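S.K.: This is the structure I have questions about; it appears just below.
The values are calculated or read from the model by the stated rules, or taken from the named source; none is laboratory data. Just so you know, these numbers come straight off a predicted model, no measurement behind them. Cβ placement follows ideal geometry from the backbone for every residue including glycine, while neighbour counts extend to all protein chains displayed. What goes into the accessible areas is simple: the full protein's heavy atoms, side chains included, and nothing from ligands, DNA or RNA. Shrake-Rupley method; radii C 1.70, N 1.55, O 1.52, S 1.80 Å.
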Amino acid sequence: MSEQSLPDGDRPENADALPEYAERVLDVTEVIPPGRVMTYGDMAEYLEEGGPRQVGRVMSLYGGGVPWWRVVRADGVLLAGHELEALDRYREEGTPLKEASRAAEGHLPRLDLKRARWDGGGRSQEHDGRAQGHT
């Protein structure tokens with residue numbers, strides 16, 4: 001990960017260490033309830049640091065061990081290269097989808113963000129101190 005891709009103060013001293021910002025992104029990802037999603041921008045706003053690109057970078061480098069399919073693009077389009085796996089998980093979890101029209105490329109649905117978006121409310125006590133900011 002380049003230094004430019006992390007918010008100030010989160011540059012790793014040890015290349016093997018997970019940056020603090022990445023830990024925070026992954027911690028919040030783990031508490032997004034099944035069937036709900038946050039956009040990359042929502043996550044950055046929730047953490048009060050970074051932006052959608054920084055969150056996306058963390059997810060691309062470190063997100064394989066968390067429910068990555070719950071952090072999504074703001075337009076509801078499924079993650080390129082992982083569409084079918086994500087779609088299986090959304091259907092399994094009951095995540096609201098908008099079915100694609102026959103004219104849509106690939107005929108893949110999009111996420112129904114109006115219904116699926118999670119604002120971070122109702123987090124469990126166990127995680128309250130792990131992500132900065134909101135209660």
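S.K.: Looking at 62, 90, which is the one that is over 19 Å from residue 113 (Cα atoms), modelled with pLDDT of 95 or more and among the aromatic types (Phe, Trp, Tyr)? Walk me through it before giving the result.
M.R.: Numbers: 90 fails: over 19 Å from residue 113 (Cα atoms).
After ruling out the rest, the residue left standing is 62.
S.K.: If you don't mind, another one. State all residues of segment 39-61 that are in contact (Cβ under 8 Å) with a residue 60 or more places away in the chain and either of a type outside the set (S, T, N, Q) or part of a loop (DSSP other than H, G, I, E, B) (or both); if no residue qualifies, say none.
M.R.: Step one: filter segment 39-61 for residues in contact (Cβ under 8 Å) with a residue 60 or more places away in the chain, giving 39, 42, 46-49, 61.
Passing the criteria: 42, 46, 47, 48, 49, 61.
S.K.: At pLDDT below 95 and open to solvent by less than 20 Å² (accessible area, probe 1.4 Å): does that describe residue 12? Walk me through how you get there before you give the answer.
M.R.: Numbers: at pLDDT below 95: yes; open to solvent by less than 20 Å² (accessible area, probe 1.4 Å): no.
In short, no.
S.K.: Pairs needed: first member in segment 69-89, among the aromatic types (Phe, Trp, Tyr); second member anywhere, part of a loop (DSSP other than H, G, I, E, B); C-beta distance under 9 Å; at least 6 residues apart or different chains.
M.R.: 69/78; 69/79; 69/82; 69/95
S.K.: Moving on to the next point. Do we find a residue being open to solvent by 80 Å² or more (accessible area, probe 1.4 Å) and modelled with pLDDT under 95 anywhere in segment 26-46?
M.R.: So far as segment 26-46 goes, no, none of its residues is open to solvent by 80 Å² or more (accessible area, probe 1.4 Å) and modelled with pLDDT under 95.
S.K.: Being among the hydroxyl-bearing types (Ser, Thr, Tyr) and not in a helix (DSSP H, G or I) is the filter; apply it to segment 76-118 and report the residue that is most open to solvent (accessible area, probe 1.4 Å). Even if it seems obvious, please write down each step before you answer.
M.R.: Just the residues of segment 76-118 that are among the hydroxyl-bearing types (Ser, Thr, Tyr), to begin with: 90, 95, 101.
Narrowing further to those that are not in a helix (DSSP H, G or I): 95, 101.
Details: 95: 9, 101: 69 Å².
Ranking the qualifying residues of segment 76-118, first place goes to 101.
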